[in-house]
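Student: One structure coming up, written as structure tokens, with questions to follow.
The values are calculated or read from the model by the stated rules, or taken from the named source; none is laboratory data. This is a predicted model, so every value here is computed, not measured. Glycine also receives a Cβ, built like all others from the backbone with ideal geometry; neighbour counts cover every protein chain displayed. Quick note on the areas: whole protein, heavy atoms, side chains included, nothing else; ligands and nucleic acids left out. Shrake-Rupley method; radii C 1.70, N 1.55, O 1.52, S 1.80 Å.
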Amino acid sequence: MPSTLVRGGRVVTAESEYDADVLAVDGRIAQIGTDLDHIEADVVVEADGQWVLPGGVDPHTHMDMPVGDTSTCDDYTSGTIAAVHGGTTSIVDFCIQQHGQAPLDALATWKRKLAAAAPVCDVGFHLAVTDLSQPAWLADLARLPEHGVTSLKLFMAYKGTLGVDDGTIVRTMRIAAANGSLVLVHAENGDAIAVLVADALAAGHVEPVWHGRTRPPITEAEATARAISLAELTGCRLYVVHVSCAEALEPIVRAQAAGLPVHAETCVQYLLLDETALEKPGFEGAKAVFTPPPRAREQQEYLWRALQTRALEVVSTDHCPFRYADQKALGRADFTKIPNGAPGIEHRLVLLHEFGVRTGRLSRARWVELCCTAPARHFGLAPRKGTIAIGSDADLVVFDPERVQTISASTHHSRVDYSLYEGTTVRGAPSAVLVRGSVVVQDGELTAEPPRGVFLHRG
Ligand code: URP
Ligand code: ZN
Ligand code: ZN
């Protein structure tokens with residue numbers, strides 16, 4: 001049975017930190033101890049002076065996702081190559097039900113996309129419900145856990161495309177309450193935003209900055225509160241994705257204080273970017289057209305504080321890459337035609353380390369919890385993923401706290417042609433990344449024969 005020894009590092013988990021060697025046998029962690037030097041492993045990874053973290057789990061990505069006449073420019077090959085370079089070894093991506101398509105057919109479509117690619121890390125799916133016009137499709141939703149899909153996504157924004165009405169939300173939530181699935185919501189009031197967008201266009205406002213101006217925080221706050229009410233009505237567990245502002249945090253904190261099973265994440269871009277990213281000259285602002293939009297700078301401190309107080313439990317990326325040159329360009333004459341989304345999968349761990357751990361906002365343990373352990377727990381992957389424990393998958397990141405890296409589209413591994421963090425220098429980066437015991441990245445290079453990622457059948 002193939003074995004790998006990660007030797008001489010300091011293990012950092014969400015619970016504790018200690019010096020130890022970690023032995024992987026046949027893809028799983030077999031031993032953790034200070035005296036494993038005598039073991040003759042097939043592969044030895046030196047981790048002296050470095051930290052050994054569980055592989056990152058990014059529960060919010062959009063690979064190979066059709067949007068209008070285009071698609072996100074990373075597939076499960078390029079997107080997972082980018083992921084592992086940054087220490088993320090599992091993703092949970094979105095399978096989107098097309099209008100008129102049965103949910104189980106949608107899942108089959110997405111599984112085919114995954115099978116046609118060569119993922120280098122493991123991939124699970126949430127199912128995004130967009131159409132419940134056929135009664136039989138409710139039964140499909142109820143059966144998704146048998147197929148390894150235990151979370152359902154509802155878009156309250158994107159009126160006319162992905163967006164759903166409250167009736168669809170309630171019917172989906174009832175099924176989730178009955179079978180224990182988690183309901184994810186993109187919480188923005190799509191109807192209200194459609195009116196604000198129509199007003200802006202009628203007044204001749206077509207620049208990217210209007211993406212933000214037509215989606216003010218109150219539209220996110222209202223939808224968040226409504227989603228919480230509907231979850232309470234139906235008795236389901238709720239997870240609010242990409243929370244961007246204090247106004248949306250408020251109902252979440254109130255619900256949590258009342259003991260409701262309401263959970264929430266934010267994304268790196270809301271912690272580090274602000275609305276001025278949309279105001280850049282020319283068409284540059286299009287790079288920051290993601291939804292919800294980047295907010296006023298003062299919002300960032302509320303989000304950091306919520307990570308500290310645990311109102312926010314996960315940091316994801318919402319990696320949704322569209323090339324600037326030809327995909328974002330579709331909206332040069334009209335901001336509503338700019339595909340919504342931005343890349344970021346490769347730099348979640350390093351950016352949160354730089355701006356969270358190194359600034360003293362987050363402990364190392366909390367950093368690991370936010371990027372690895374909590375997403376694994378929320379999405380039915382624990383204890384297989386997200387921690388370093390005997391029997392867990394040997395997804396490991398050897399993180400060198402002194403390794404310096406300058407983020408750039410010219411060196412990142414996504415197919416996208418820009419980075420939101422271009423020119424940002426960070427101290428601390430992975431020196432080696434293992435997926436189920438196999439080294440997949442060593443010193444910034446993908447290994448010659450990286451392991452193949454598998455579909456994550458989630459519990
Ligand atoms: O702008 C974004 N976030 N695009 C991806 C789809 C979504 O809303 O999560
Ligand atoms: Zn969203
Ligand atoms: Zn998303």
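Student: Just report the Cα centroid separation between the stretch 130-170 and the stretch 255-327, whole Å.
Tutor: First find each Cα centre; the distance between them is then 25 Å.
Student: Could you give the accessible area per residue of the stretch 109-226, probe 1.4 Å, as a whole number in Å²?
Tutor: Normalised by residue count, the accessible surface of the stretch 109-226 is 37 Å².
Student: I would also like to ask the following. Give me a comma-separated list of calculated 3J(HN,Hα) values for the stretch 336-344, in order, Karplus coefficients 6.51, -1.76, 1.60 applied at θ = phi - 60°, integers in Hz, x for any Gly or Pro.
Tutor: Per residue, the Karplus-derived 3J(HN,Hα) values read 6, 9, 6, x, 7, x, 8, x, x Hz.
Student: Decide, for the stretch 265-310, between rounded, prolate and oblate: order the square roots of the alpha carbon gyration tensor eigenvalues as a ≥ b ≥ c, take rounded if a/c falls under 1.5, and otherwise choose prolate if a/b is larger than b/c, else oblate.
Tutor: It is prolate, given that a/c is not under 1.5 and a/b is the larger ratio.
Student: Determine the relative contact order of the chain: mean sequence separation of Cα pairs under 8 Å and six or more apart, normalised by residue count, in whole percent.
Tutor: Computed value for the chain: 22 percent relative contact order.
Student: So how strong a dipole does the chain carry about its Cα centre when Lys and Arg Cβ are +1 and Asp and Glu Cβ are -1, to the nearest 20 debye?
Tutor: Approximately 820 debye in magnitude.
Student: Can you give the helix-only mean residue ellipticity at 222 nm for the chain, where every DSSP H stretch with n ≥ 4 adds -39500 (n - 2.57) and the sum goes over all residues, rounded to the nearest 500 deg cm²/dmol?
Tutor: About -7500 deg cm²/dmol.
Student: Largest first and to the nearest Å, give the Cα extent of the stretch 96-152 along each principal axis.
Tutor: 38, 20, 13
Student: Can I ask one more? Using only the alpha-carbon atoms, how far is helix 166-179 inclined from the longest principal axis of the chain? Give it as 0 to 90 degrees, nearest 10.
Tutor: Relative to the chain, helix 166-179 is tipped by roughly 30 degrees.
Student: Just report the Cα centroid separation between the stretch 49-123 and the stretch 346-378, whole Å.
Tutor: What the calculation gives is 21 Å, centre to centre.
Student: For the residue pair ALA325 and ASP105, what label-to-label distance in nm results when each label sits 7 Å from Cα along the Cα-to-beta-carbon direction?
Tutor: Taking the two extended label points, one gets 3.7 nm.
Student: Turning to a different aspect of this structure: Convert each backbone phi in the stretch 432-444 into a coupling constant with the Karplus relation 6.51 cos²θ - 1.76 cosθ + 1.60 (shift: θ = phi - 60°), then list the ³J(HN,Hα) values in order as whole Hz, x for Gly and Pro.
Tutor: 8, 9, 10, 10, 6, x, 9, 6, 10, 10, 9, 6, x
Student: How far apart, in nm, are two points set 7 Å out from the Cα along the Cα-to-Cβ line at LEU201 and at HIS38?
Tutor: Inter-label distance under the simple model: 7.3 nm.
Student: log₁₀ I(q)/I(0) of the stretch 25-142 at q = 0.11, 0.17, 0.20, 0.22 Å⁻¹, via Debye over equal Cα point scatterers, no solvent, to two decimals?
Tutor: Scattering profile of the stretch 25-142, log10 relative to I(0): -0.53, -0.91, -1.11, -1.24.
Student: Considering every pair of different Cα atoms, what Kirkwood radius, in Å, is found for the chain?
Tutor: 22.1
Student: Now for a separate question. Give me the angle, in degrees from 0 to 90, between the Cα long axis of helix 103-116 and the longest principal axis of the Cα atoms of the chain, rounded to the nearest 10.
Tutor: 40
Student: Ok, one more. Counting only residues 5 or more places away or on other chains, whose amide H sits under 5 Å from the amide H of VAL441 once H atoms are built in the peptide plane?
Tutor: Amide H neighbours of VAL441, under 5 Å, 5+ apart: VAL433, THR447.
Student: A follow-up question, please. Using modelled backbone amide H atoms (1.01 Å from N, in-plane), which distant-in-sequence or interchain residues come within less than 5 Å of VAL243's amide H?
Tutor: Long-range HN contacts for VAL243: GLU265, THR266, CYS267.
Student: May I pose another question? Which order do TYR421, TYR302 take by accessible area at a 1.4 Å probe, largest first?
Tutor: Largest to smallest exposure gives the sequence TYR302, TYR421.
Student: Moving on to the next point. Over the chain, with every protein chain in place, what whole percent of the accessible area is carbon and sulfur at 1.4 Å, could you tell me?
Tutor: Taking all protein chains in place, the chain shows 51 percent carbon and sulfur surface.
Student: Something else about it: Residues with amide H under 5 Å of HIS413's amide H, sequence separation 5 or more or different chain, H placed in the peptide plane at 1.01 Å from N; which?
Tutor: Residues meeting the amide H criterion: none.
Student: In whole Å, what is the distance between the alpha-carbon centres of the stretch 428-455 and the stretch 192-237?
Tutor: 40
Student: Karplus couplings for the stretch 364-375 from phi (6.51 cos²θ - 1.76 cosθ + 1.60, θ = phi - 60°), rounded to Hz, Gly and Pro as x?
Tutor: In residue order, the calculated couplings are 4, 5, 5, 4, 5, 4, 5, 9, 10, 6, 5, x Hz.
Student: Still on this structure, please answer the following. Kindly express, to the nearest 10 degrees and within the range 0 to 90, the angle between helix 246-257's C-alpha long axis and the longest C-alpha principal axis of the chain.
Tutor: So the helix axis and the longest Cα principal axis differ by about 70 degrees.
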